[in-house]
1. Check PHE50, PHE33, PHE99 and return the single one that is at pLDDT 95 or above, in contact with a helix residue (DSSP H, G or I) (Cβ under 9 Å, 6 or more places away or on another chain) and within 22 Å of VAL226 (Cα to Cα).
2. Just to confirm my filter: which strands (runs of 3 or more DSSP E) fall fully inside segment 136-211 and include at least 1 residues that are free of Cβ contacts under 8 Å to residues at least 12 places away in the same chain and open to solvent by 60 Å² or more (accessible area, probe 1.4 Å)?
3. Any chance segment 98-115 includes a residue that's under 13 Å from the mean Cα position of the chain (by Cα) and either more than 26 Å from GLU142 (Cβ to Cβ) or of a type in the set (Val, Ile, Thr) (or both)?
4. Mind checking which pairs have a first residue in segment 281-296 that is at positive phi and exposed (fewer than 11 other Cβ atoms within 10 Å of the Cβ) and a second that is at pLDDT 95 or above and assigned to a loop (DSSP other than H, G, I, E, B), Cβ under 7 Å, 6 or more apart or different chains?
5. Which strands (runs of 3 or more DSSP E) sit wholly inside segment 1-112 and have at least 1 residues that are aromatic (Phe, Trp, Tyr) and surrounded by 22 or more Cβ atoms within 10 Å (Cβ to Cβ)?
6. Modelled with pLDDT under 95 and within 26 Å of LEU283 (Cα to Cα): is that true of THR62 in this structure?
7. I'm told ALA223 meets every condition in (1) open to solvent by 10 Å² or more (accessible area, probe 1.4 Å); (2) in contact (Cβ under 8 Å) with a residue 60 or more places away in the chain; (3) in a strand (DSSP E or B); (4) of a type in the set (A, V, I, L, M, F, W, C) except one. Can you identify the failing condition by its number?
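The values are calculated or read from the model by the stated rules, or taken from the named source; none is laboratory data. Here the structure is a predicted model, which is why all the values come from computation and not from measurement. FYI the Cβ positions are ideal-geometry reconstructions off the backbone, even for glycines, and counts take in every protein chain you see. Quick note on the areas: whole protein, heavy atoms, side chains included, nothing else; ligands and nucleic acids left out. Shrake-Rupley method; radii C 1.70, N 1.55, O 1.52, S 1.80 Å.
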Amino acid sequence: MNNQILGIHHITAIAGNAKRNFDFYTKVIGLRFIKKTVNFDDPHTYHFYFGDEKGSAGTILTFFPWGDEIAQGRKGAGMATEIGYSVPEGSLEKWITRFEEHNVTYNKPAVKFGEKYLTFLDPDGLKLELTEVKNDDRKPWETDQVKADIATKGFHHITLTLNNIAATAKILTEIFGYELSAKEGNRTRYITKAVTNAAIVDLVEIESEKRGFNANGTIHHVAFRVKNDEVLMEFRKKIVELGLGITPQIDRNYFHSLYFREPGGVLFEIATENPGFTVDEPLEELGKNLKLPIQYEEQRDEIIKQLVALD
């Protein structure tokens, strides 16, 4: 199992207002804020990480909140277009009540691949789903308002929208080790048996769909998990052999990464489990302190002045 793709590692999206994003995911959705840092390429912009207590792979949702001036993105072909979370059976009605209390836009529950789900939008228009799952033994993060009976357990699936799914499916099955699971209409489900959770990728094929525009309210990339650096570099060789462009290994402080665009246009990342989110602050302090990449530490005072206060 150690030399395989181990499902979803994290998903990164783009937001507008930083405080609005922070408040929604910590207070309304009830995720733990596990890391407050900055964009490696733009240190005057936050990079937020949300997840479970430890920031376990398969629970990590990250955002680049680029401010109120950012253009609104558009979901479309060549993009990851929706994020699916796992929640306990019987919890959707309580989520509906919660969404109504907080003026969250949602659709009535429906069924997909035999599972009941609820679609909603975050304040920036990002599309998410809550899927009731019978056997998900992951321990949720609880807050005063979001208790274990409804709390998210981590990712259930990621959806990619494509004009043609064939080449993307080939990456999933022949390189990443996923298997075809089921098909409903224009949605085809792939699953890896290497892990029991955060294991699903749905491919939606819409031949006439226009290409998406990556900006506010859209998913920037999806990261797949590997055990360590050795496995990471094995996958790099496989991608190079396919003739696809891929980055060198990049140190993201909390994991090591490779990036490439799969043939359908979606930006994929492969990320390691190591070293984890407690590498620069203890478990009980996660998310409480501004952590900067070492190259920006000398600019700390200037950076702090440019960042929006969250409290």
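1. On inspection, the qualifying residue turns out to be PHE50.
2. Strands (runs of 3 or more DSSP E) meeting the threshold: 179-184.
3. Checked segment 98-115: no residue is under 13 Å from the mean Cα position of the chain (by Cα) and either more than 26 Å from GLU142 (Cβ to Cβ) or of a type in the set (Val, Ile, Thr) (or both).
4. none
5. On the way: elements: 8-15, 32-39, 42-51, 60-65, 79-88, 110-112.
Output list reads 42-51, 60-65, 79-88.
6. Details: modelled with pLDDT under 95: no; within 26 Å of LEU283 (Cα to Cα): yes.
No.
7. (1)
Condition check ((1) of a type in the set (Lys, Arg); (2) in contact (Cβ under 8 Å) with a residue 60 or more places away in the chain) across all residues:
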site: THR62; (1), (2): no, no
site: ASP68; (1), (2): no, no
site: LYS75; (1), (2): yes, yes
site: SER86; (1), (2): no, yes
site: SER91; (1), (2): no, no
site: ASN103; (1), (2): no, no
